[in-house]
Amino acid sequence: MNFSETLKLAISSITAHKLRSFLTLLGMIIGMTAFMLILSLLLGFNGYVNEKVAGIGSNAFTVQRFNFDDFKDSDTIAAAQRRNKELSFDELDFIKRGAQMIEHIGARSGGVGRSIRVGNNSIQNVRISGVEPVIATIDKIEIEQGRFFSDTENNTAARVAFVGADIAKNLFPQGGALGSELKISGIPYRIIGIQVAKGTVFGQPQDNFIQLPIKTFGANFGGLRWNRAPNFAVTAKEGVKMEDAVDEVRTLLRIKRKLGPDEKDNFGIITPDAISGMIGSMTAVFSIVLLLVPGIALVVGAIVIMNIMLVAVTERTKEIGIRKSLGARQADILRQFLFESGLLSAIGGFIGLFIAYTAGYIITLYVFPTSIPWYAAVLAIGVSGGVGILAGLFPAWKAAALDPIEALRAD
Amino acid sequence: MANSHTGTAMVKEDSLILMKNIWKTYQMGVEELHALRDVSFHVEKGDYLAIIGPSGSGKSTLMNLIGCLDSPTKGTYLINGHLVSEMTDDELARIRNKEIGFVFQTFNLLSRATALHNVELPLIYAGIRAGERHERAKAALDAVELGDRTLHRPNELSGGQRQRVAIARALINNPSILLADEPTGALDSKTSVEIMALFEKLHADGNTIIVVTHEHEVAERAHRIITIRDGQIENDERIK
Ligand SMILES: Nc1ncnc2c1ncn2[C@@H]1O[C@H](COP(=O)(O)OP(=O)(O)O)[C@@H](O)[C@H]1O
Ligand SMILES: [Mg+2]
């Protein structure tokens, strides 16, 4: 009995009881829908995090005082606080002079939070930091109005500010932010540039910041120390692998800090991959649990299919007897029922996939980016078909093993 | 398996059907029920044999053994010289598919399938391609004068028509032997006569036929009659 014969037979059996087939598949459909939907949300979420938070796709990395693993527990934190010195401009210059593989390097201070008021308008929790002018290039800052500050403005500690879109909008609702002054802790700064609005990432506003030249910031906010200490943003040269640039910077900083070959780094270098990896490890357990729930629905769906296939074998005992009396081999009967349960289940998987895809599409349009990669879709159909075949194995084996004369006696 | 049964060589090993000391015993709780006791006989190619006997005498049991649907408790059964007890499941399936055409009292058609598809079934399991299959099934239905009923389902056919579909199906693979267990048992007498005429024609065409019946009119059409009583052969006579 060949493939197309078996397929025709399976289709006619499934369509002979349309309602029953559909009800049988509900578990499979719900399980697969939930599974694919959650998967697409997780993948979409990961993509979003990688792009927006980790900065995957940019070629920038950060040199900072602490490394991720320094935060393991209070002992490692204490040890790192003793060992790891704040980064200095000396070190920045040393790297800048020595490095071959980096395109740009620039310092950025830690930030402070302040509320700002202009006339009757105010805005809370503004993040104020100092940066070197080159940071505009490294961060690929998009300017809505005006310009970023210059090296001269930085070197002379000019009182100029580059602000996020919310600052301009909230403090100067009538417009005219560019060129206006705003006071921070009593000191006035002139707004020379406004960034293109960025919106929010996970509800965190991205347009609620003020950047000052780092020298200005250091002079007016109590020096570049403690939480205001600088870190370095670095980009690799075109055509250079990021790891190589990272290695070069690490080596230079180790030389500058006179670290022996056996000594650990007393600074941290954070790449987008490392951030994404850390977030990934934090969300992994959560993802597995989320996928486990619909996974259980799939198992229940498989049990329902097995049950209905057992019913089908009992109902069709006479048919099996007739087929055997006409020369059907055990393999023919086995294949017939396995095919039927596999196809049935794959149809359920396909419907589930379709619903999940449609729902994901709507979610992407209105809420949040989701994605079902093609391999997940193929896998879904394959897994549901495979689950169906597994669920059909026992019933099909029962059918194939039936004694022809016993089966013929059934009614 | 060709030489594995030299002990039976004396009793015409080239018989189409050869049964020697066949027992079929059912275990009913603690009691043993012997449906067949020590049955021995052989059937040659081209014969037309009727098996008669009262109800419960073991006729169907014997037919199911001949048709390789069931296996004996004891004894030797050779079909075309091959020892059935040594055959694998697949070989038995092949015998049922190619060597034997079985016609049942209750037709045993697939109720969801058309007459054409029912007739095609043995060809499907013989691995014949769809085109040839349709043609042969149509021709077989034509031969039993049902050429205009190919797409009818069993419940859209009369009893006699259903039995003719079953006969067309039994003959489709050109079997060595046609087995019919009370083929007219569920039919009225006029239809029975038609079916018996069809059997006579099939026999005239060279088919080997074994028919089980308890109707004397049916049995008298055959050339040889075996009478069974209490699972034993009581009489075996050639009448033509
Ligand atoms: N599966 C079975 N289990 C137990 N007894 C059976 C079975 N099949 C047949 N028999 C018994 O075997 C005997 C012969 O049955 P059967 O061959 O059907 O008779 P017939 O066809 O001549 O009417 C009967 O007594 C019947 O009850
Ligand atoms: Mg009977």
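A compact table of results
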item: Some residue of the range B:138-157 being in contact with a helix residue (DSSP H, G or I) (Cβ under 9 Å, 6 or more places away or on another chain) and under 20 Å from residue B:66 (Cβ atoms); result: no
item: Check on residue A:329, surrounded by fewer than 24 Cβ atoms within 10 Å (Cβ to Cβ) and within 14 Å of another protein chain (Cβ to nearest Cβ); result: yes
item: First in the range B:74-103 and free of Cβ contacts under 8 Å to residues at least 12 places away in the same chain, second anywhere and in a strand (DSSP E or B) and small (Gly, Ala, Ser), Cβ under 6 Å, 6 or more apart; result: none
item: Number of positions in the range A:121-136 that are surrounded by fewer than 17 Cβ atoms within 10 Å (Cβ to Cβ), closer than 25 Å to residue A:53 by Cα and without any contact (Cβ under 8 Å) to a residue 60 or more places away in the chain; result: 1
item: Total residues in the range B:48-105, condition part of a strand (DSSP E or B), within 28 Å of residue B:160 (Cα to Cα), more than 8 Å from every other protein chain (Cβ to nearest Cβ) and not hydroxyl-bearing (Ser, Thr, Tyr); result: 7
item: Conditions (1) touching a residue at least 40 places away in the same chain (Cβ under 8 Å); (2) crowded, with 19+ Cβ neighbours inside 10 Å; (3) away from ligand 1 (no atom under 16 Å from the Cβ); (4) assigned to a helix (DSSP H, G or I): number failed by residue B:218; result: (3)
item: Qualifying residues in the range B:51-101 (those that are more than 16 Å from ligand 2 (Cβ to nearest atom) and among the acidic types (Asp, Glu)) - the one farthest from residue A:402 (Cα to Cα); result: B:99
item: The range B:166-199: number of residues that are buried (at least 23 other Cβ atoms within 10 Å of the Cβ), farther than 21 Å from residue B:44 by Cα and within 16 Å of ligand 1 (Cβ to nearest atom); result: 2
item: Residue match in the range A:368-382 (condition: within 16 Å of ligand 2 (Cβ to nearest atom) and outside any helix (DSSP H, G or I)); result: no
item: Filter result for residue A:356 (under 29 Å from residue A:45 (Cα atoms), in a helix (DSSP H, G or I) and out of contact with any Gly (no Cβ under 8 Å at 6 or more places or on another chain)); result: yes
item: Helices (runs of 4 or more DSSP H) within the range A:12-98 that include 1 or more residues closer than 28 Å to residue A:346 by Cβ and out of contact with any Pro (no Cβ under 7 Å at 6 or more places or on another chain); result: A:18-49
item: 1 or more residues in contact with a Ser or Thr (Cβ under 8 Å, 6 or more places away or on another chain) and crowded, with 17+ Cβ neighbours inside 10 Å: qualifying strands (runs of 3 or more DSSP E) within the range A:151-250; result: A:160-163, A:187-195, A:209-213, A:230-236
item: Scan of the range A:366-382 for residues that are closer than 30 Å to residue A:330 by Cβ and surrounded by 17 or more Cβ atoms within 10 Å (Cβ to Cβ), ordered by number; result: A:381
item: Criterion violated by residue B:71 - all others in (1) polar (S, T, N, Q); (2) free of Cβ contacts under 8 Å to residues at least 60 places away in the same chain; (3) within 16 Å of ligand 1 (Cβ to nearest atom); (4) crowded, with 21+ Cβ neighbours inside 10 Å satisfied; result: (4)
item: Among (1) more than 16 Å from ligand 2 (Cβ to nearest atom); (2) within 14 Å of chain B (Cβ to nearest Cβ); (3) crowded, with 21+ Cβ neighbours inside 10 Å, the one test that residue A:337 misses; result: (2)
item: Test result for residue A:371, closer than 30 Å to residue B:90 by Cβ and either of a type in the set (S, T, N, Q) or modelled with pLDDT under 95 (or both); result: no
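Matching residues to (1) more than 16 Å from ligand 1 (Cβ to nearest atom); (2) surrounded by fewer than 18 Cβ atoms within 10 Å (Cβ to Cβ):
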position	(1), (2)
B:98	yes, yes
B:106	no, yes
B:130	yes, yes
B:154	yes, no
B:164	yes, no
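The values are calculated or read from the model by the stated rules, or taken from the named source; none is laboratory data. Computed from a prediction, not measured in an experiment: that's the story for all the values here. Note that each Cβ is placed from the backbone with ideal geometry, even for glycine, and that neighbours are counted across all protein chains shown.
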